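**Q** Below are the structure tokens for one structure; questions will follow.
Coordinate-derived values only; no laboratory data. Just so we're clear, the structure is a prediction, and the values are computed from it rather than from any experiment. Note that we place each Cβ from the backbone using ideal geometry, even for glycine, and neighbour counts take in every protein chain shown.
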Amino acid sequence: MTRHNIAVLAGDGIGPEVMREANKVLDAVAAQCGFELVRQDYAVGGYAIDHHGKALPNETLKGCENADAILFGSIGGPKWDSLPLEQRPERAALLTLRSHFDLFSNLRPARIYPGLEALSPLRIDIAKSGVDVLVVRELTSGIYFGQPKGIDGEGEAQNAFDTMRYSRKEIRRIAHSAFNAASKRNNKVTSVDKANVLVSSRLWREVVEDVAKDYPNVSLEHIYIDNATMQLIANPSQFDVMLCSNLFGDILSDECAIITGSMGLLPSASINADGFGMYEPAGGSAPDIAGKGIANPIAQILSAAMMLKFSLNEEKAASIIEDAVTKTLMDGILTGELLPKDQREHAKSTSEVGDYVVSVIQGK
Ligand code: NAD
Ligand code: IPM
Ligand code: MN
């Protein structure tokens, strides 16, 4: 029997709550498809700071190095917000993991399923226009990592600075990810930049145009980030793959999540050149709802499906999960944030949604 070793990093806030549901679903699909999943839990984020003194303990990093894939929950929260930036869970754990494994290609698929338009806050005719967007976000460079970064001077003369920097090589490899993805989808890449102002965006555009020559069947458009945020609301069906730098992709992917209905629906895959990956919801630890059993587990469950597809070569299992999730939503098994306020008494809990997905997989 094929065996896959997964490092599970549930993290903080809603992380452990939604991870529990993803684990149930993984067990169900592994039993059905006949493979073995060996999961090992590791401490990460604020939890790891509290229990091991740092956000990414050595044991956690080693465990990830020895695994076939990483399934990540979410990290951070008010308790750790006042720590210096380099010790905070976001930088010390999440960004370090992305960088350590060179997970430069971040895929965030957002779709309004036919029949589920009512979940979207968009006007109904727009929601029904066929929204299916893949954000391809560069994840290990740009303003998140560019040097110099720091603070100097005193008083009113004090300066704080980050550097938005991209090399041709970094742009080229993420552009290939986007064009490859588009050639398996609807053959269109929209590259998002701010080339009317930023030098780094001008190089971005030049390299993206060069890469486009290798993909004659894929069309390329450029759009400024400010217009992109507006077009996503006004006419989202014009987009197929949106190719973004690190910061622009971060912002646009939250917008993509909410146009499908909730932050809790958007999964993500962060992959390196060897196909090794970390899989996590695009949203965070949601401190406002943590501990209440009401978080939407779908993003975590779909992230597990992406892991099966992209890192573990279990495509069939991945589609079984995706189909079960679609049916769950179609059957109206919804957490509260997906419902209008006056219908929230019908909301299902985190575990009820997970159980339902499992029951669909098991054909019950
Ligand atoms: P957030 O994504 O945690 O929450 C934003 C909003 O979306 C909140 O109203 C929240 O309740 C809602 N939401 C998010 N996930 C949900 C789910 N599964 N079900 C229902 N509602 C959901 O963003 P934030 O509030 O800006 O950040 C909170 C903390 O999470 C911060 O410390 C931030 O740095 C961290 N964060 C971590 C990750 C990660 O670990 N990958 C990602 C984003 C933010
Ligand atoms: C995300 C998150 C992270 C990011 C934070 C927590 C560092 O917002 O994965 O989208 O900005 O990349
Ligand atoms: Mn984000």
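**Q** Tell me, what is the percent relative contact order of the chain, built from C-alpha pairs under 8 Å that lie six or more residues apart?
**A** Reported as a whole number, the value is 21 percent.
**Q** Also, I was wondering about something else. As I understand it, the dipole of the range 82-234 uses +1 on the Cβ of Lys and Arg and -1 on the Cβ of Asp and Glu, about the Cα centre. Which of 229, 160, 177 lies farthest toward its positive end?
**A** Going by the charge dipole, the pick is 177.
**Q** Something else now. What does the charge dipole of the chain about its Cα centre add up to, to the nearest 20 debye, if the Cβ of each Lys and Arg holds +1 and the Cβ of each Asp and Glu holds -1?
**A** With Lys and Arg at +1 and Asp and Glu at -1, about 580 debye.
**Q** Name the residue from 270, 332, 321 whose Cα lies farthest towards the positive end of the charge dipole of the range 265-332, charges +1 on Cβ of Lys and Arg and -1 on Cβ of Asp and Glu.
**A** 332
**Q** Pairs on different chains or at least eight residues apart, Cα atoms closer than 30 Å: how many lysine pairs in the range 100-195 fit?
**A** 9
**Q** Express as a percent, rounded to the nearest 5, the fraction of DSSP beta bridges in the chain (both residues included) that run antiparallel.
**A** Counting only bridges with both partners in the chain, antiparallel ones make up about 40 percent.
**Q** Among the trypsin sites (Lys or Arg not before Pro) in the range 244-330, which ones are in a DSSP loop with at most 16 other Cβ atoms within 10 Å of the Cβ? Mind listing them?
**A** Passing both the DSSP loop test and the Cβ count: 292.
**Q** Now for a different question. For the chain, what does the helix formula give at 222 nm: sum of -39500 (n - 2.57) over DSSP H segments with n ≥ 4, over the residue count, nearest 500 deg cm²/dmol?
**A** One gets -12000 deg cm²/dmol as the mean residue ellipticity at 222 nm.
**Q** Give the cross-link partners of residue 348 among the lysines, using a straight C-alpha distance below 19 Å as the criterion and excluding same-chain residues fewer than 8 apart.
**A** Filter leaves 24, 292, 327, 364.
**Q** While we're looking at this one, here's another question. Choose one answer from 259, 151, 289: the residue with the largest mean-square fluctuation in a GNM of the chain with alpha-carbon springs under 10 Å.
**A** The residue with the greatest mean-square fluctuation here is 151.
**Q** Please compute the contact order of the range 124-202 in relative form: average sequence separation of alpha-carbon pairs under 8 Å and at least six residues apart, divided by the residue count, as a percent.
**A** Computed value for the range 124-202: 22 percent relative contact order.
**Q** Next question. Just to confirm the filter: which trypsin sites (Lys or Arg not before Pro) across the range 142-220 are DSSP coil and have at most 12 other Cβ within 10 angstrom of their Cβ?
**A** Answer by residue number: 184, 213.
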